[in-house]
1. For the stretch 261-266, just list the computed ³J(HN,Hα) in residue order, Karplus coefficients 6.51, -1.76 and 1.60, θ = phi - 60°, integers in Hz, with x standing in for Gly and Pro.
2. How high is the FRET efficiency between Arg320 and Cys98 when r is their beta carbon distance and R₀ equals 41 Å, given to the nearest 0.05?
3. Quick check: pseudo-label points 7 Å beyond the Cα along Cα→Cβ at Asp392 and Lys24, how many nm apart are they?
4. Can you check what the net charge comes to around Ile553, using other residues whose Cβ is under 9 Å from the Cβ of Ile553 (Lys, Arg +1; Asp, Glu -1)?
5. Rounded to the nearest 0.05, what FRET efficiency do Thr40 and Ala527 have when you use their Cβ-Cβ distance and R0 = 56 Å?
6. How high is the FRET efficiency from His347 to Arg494, r the C-beta distance, R0 51 Å, rounded to 0.05?
7. What list of ³J(HN,Hα) couplings, whole Hz, do you get for the stretch 565-571 from phi and the Karplus terms 6.51, -1.76, 1.60, once you set θ to phi - 60° and write x for glycine and proline?
8. What are the residues whose amide H is under 5 Å from the amide H of Glu477, where those residues sit 5 or more places off or on another chain and H is modelled from the backbone?
Amino acid sequence: MPPANSKSRRSKVKSGCRTCKIRKVKCDEGRPACQRCVSTGRVCDGYGIWGGGGNSFGSRPAGPRPCEALLPQRGPSPIGGGRKFSAAEQDCFEWFSCKAATKLQGIFCITFWSQLLPQACINEPAIMHAALALSSTHQKNTIVVVDPSSSPYQQDNGHVLDTSDEFTLVQYSKAIHQLRPHLTAGKSSSVASIRVALIACLVFANLEFLNGRYNIGIAHLHSGLKLLGEFQGYVLEGDEPVLVLKPPRDFVDEWITDTLTKLLVQVNLHGAQAMPYPRLVMLITSAPLPSFTFHSVTEARQHLDQLVNDILYLTEASHRCNTSLSINSKGDGKLAKRQSQILNGLHTWHNTYKASRSIMKSTLSPFTHYGYLLLLSMYYTAQIMASVCLVDDEKQEAIYDAHTANFLAIVRHSSELRRLIRYEVHYNPLVSYTSKISQSTADMGWIPPLYYTALKCRVWRVRLHALRFLGFKPHKEGIWDSELTAIVAREVIRLEEGGGDDVRGNISRITDPNINVEVPTEEEVLAMPTVSITRRLHDFHMKLPDDVEGKIIVAYRQGPRSTGASLCTREYALAKRKWEESWSEPSIYESIYRN
């Protein structure tokens, strides 16, 4: 609670729902009703012309469990358009409502997972079956594998689907069948049908990412983006691969758009799969940074996401120019001007975020400190990306050395995050020690900053600590898999640092979770040598496996192009758990680099 004598602070409430404005308290601006009103038993009167509210006393769920109103009843069920559901389906939906939906949204409040999707399940069979398939996959580690001889789903290659796989496959098929009426109308589809299709695309994409079928997941995401463009956006003139969106019609469209955009940013940051057109999403109007403070880590995250999306757009625009030219010769300097604006925006965001910390800690849940550290890691990653995105490819790998302090900050924050995960795990929805729930979320966490550090920081001890934290607790964050990224990062470090026994021994020692190794100080790091430029991997690209037993393929040049370094490829066979020389044609990856 704010102190009793803070009247001046309470009188400055200018945003939020009508109820919170009248009470002069901070509003979390949840939709359709804010959680501050709901949790205190008040009626949220909404946001004026922006809608929301509507949680009248007669419409609110009764009982102590918030998810009970969304749970199916035994016997004839009112969910999914009044259709009957089996006991297994009802149990799976209960798991989804009370566990999976909360876990999937991660540390930040993503209303798509916490409100929109559970509510859509009640009225729409297609969404219900899609959510059941996702929930079954998320719960998979609690299912016992069946006897192969009793399974009707034995495949030609000898692999057997366990009971959870069978259930998931059935629900997936039902969802596709129920979706057909929404998709056959084409451009004459109703708004409701388009929303159902968009929600289904998001659920299917996350389902495939959980199952390790990344190409299929990206195809679902791409379908959703194309549909979203037809529904509420348009594309830029020319051949720019950008979908420009008009302001959402209401908060439901806003939730869907925000979740699709977040997933697209994940894929683009990963860079492991070629994203087809459109590859980027831009909003016509963007909310400016607040003048003084953020009211929540979720609000801070939204503004940081906007800046990251701007960085990705700038990077794309730079690659579309002749990257062998200097920055000053690229057009009329618009890219350099935009880069300066983004860097200034990041600086403003950081100052606002630091000023907001005490307020966020006093008003939010115990997740606050975790979210605070996580966003700082994301910020330092964005700061590096924005600084190097216009640098010529030949010089880019060397310029990372100027950002060693930022890499070290990422590692330090990750060290604190690990401490919170280990000793306050009951407060942490991202990583759980219990075997009764999946370790995966749909939102990004600490994997992208740590992977970026392990690849691009050429100070030995800093990058090894990043690798250590990547392997701390295996889990997934959307398309990001901590185990796969750790495998690739370890190989990159070995190739750049040398492959001798002393290197392998140091990697094993520092990355061993049972050995306590302190993160170095900034003074120690600045005195450490870096990898020679001729040993650094340039033009690095990773291709994710097509399934859980597929191969990771990496392509790179060890040294700049100007030194005559040729393209190399290596494969990691997941089934064998070993690296091998790749038989892939280098020309395949040459086309990727040219594009």
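1. Result, rounded to whole Hz: 5, 4, 5, 5, 4, 3.
2. Once rounded, the FRET efficiency stands at 0.30.
3. The answer from the label model is 6.2 nm.
4. +2
5. 0.55
6. Working from the Cβ atoms, E equals 0.90.
7. Ordered by residue, 3J(HN,Hα) equals 4, 8, 6, 10, 9, 9, 10 Hz.
8. Thr441, Ser482
Every read-out reported here was derived from the displayed coordinates using simple, explicitly stated rules and does not represent laboratory data. What you are looking at is a predicted structure, and each value in this text was computed from that prediction instead of being measured. Quick reminder, even Gly has a Cβ in these numbers, built from the backbone with ideal geometry, and neighbours come from all protein chains shown.
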